[in-house]
Amino acid sequence: MDVKYGINESFTLDMTLIPDFGQVISDNVVNNIVNGTSYEIFGTMAQLLNGGATVSLKKTQTSVNSKVITKYTEAIGMSPGASRILLFLDGDDIGGGLGSSHDNWPDKEDNHGATGTCMNFCDGHAQWVKRSDYLRVVNTSQDGNQKAPD
């Protein structure tokens, strides 16, 4: 997977993820084990249009740098910028009955457990996000109002 992100007019971040399949011992879904890594890509973000309609907007240098929070009630009017907009995270491995049904919420069934998860942002930095900060980080990034699962 290749990712290219223009940081400014002089700098472009080029990233390539090259998995080492030589290290793969088994398929988590087939062998029904939880240990492993799955990534969820967040290549789009919500954009509120005049009149209240929401569309999915591709993350580009322009869209990321001009994003203003319109729905996340804790940050309305904020411009999060590339350092707060999520690009991908270590997601749940839920195939075949594995993992959690709480869609990436840090809990004991996840790859990293209940303490948090690893996230990568549009400016290229990676960060461990504690469970207590998870909703704030995701809602700021995706301009949403997700709540903790029951």
**Prompt:** Which residues' amide hydrogens lie under 5 Å from the amide hydrogen of Gly144, considering only partners 5 or more residues apart or on another chain, with H built in the peptide plane?
**Reply:** Tyr72
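Once you have the Cα-Cα distance between Leu13 and Thr60, take 0.36 nm times their residue separation minus that, and quote the gain in nm to one decimal.
Details: separation 47, 0.36 × 47 = 16.92 nm, distance 1.23 nm.
Stretched out fully, the Leu13 to Thr60 stretch lengthens by 15.7 nm.
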**Fill in**
Rounded to whole Å², per residue accessible area for segment 44-84 with a 1.4 Å probe reads 60 Å²
**Item:** Amide hydrogen neighbours beyond the local backbone of Gly116, cut-off 5 Å, H modeled
**Value:** Arg131
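The values are calculated or read from the model by the stated rules, or taken from the named source; none is laboratory data. Just so it is clear, the structure is predicted and the values come from calculations on it, not from any experiment. Each accessible area value is taken on the protein alone, full model and side chains, heavy atoms only, with ligands, DNA and RNA left out. Shrake-Rupley method; radii C 1.70, N 1.55, O 1.52, S 1.80 Å.
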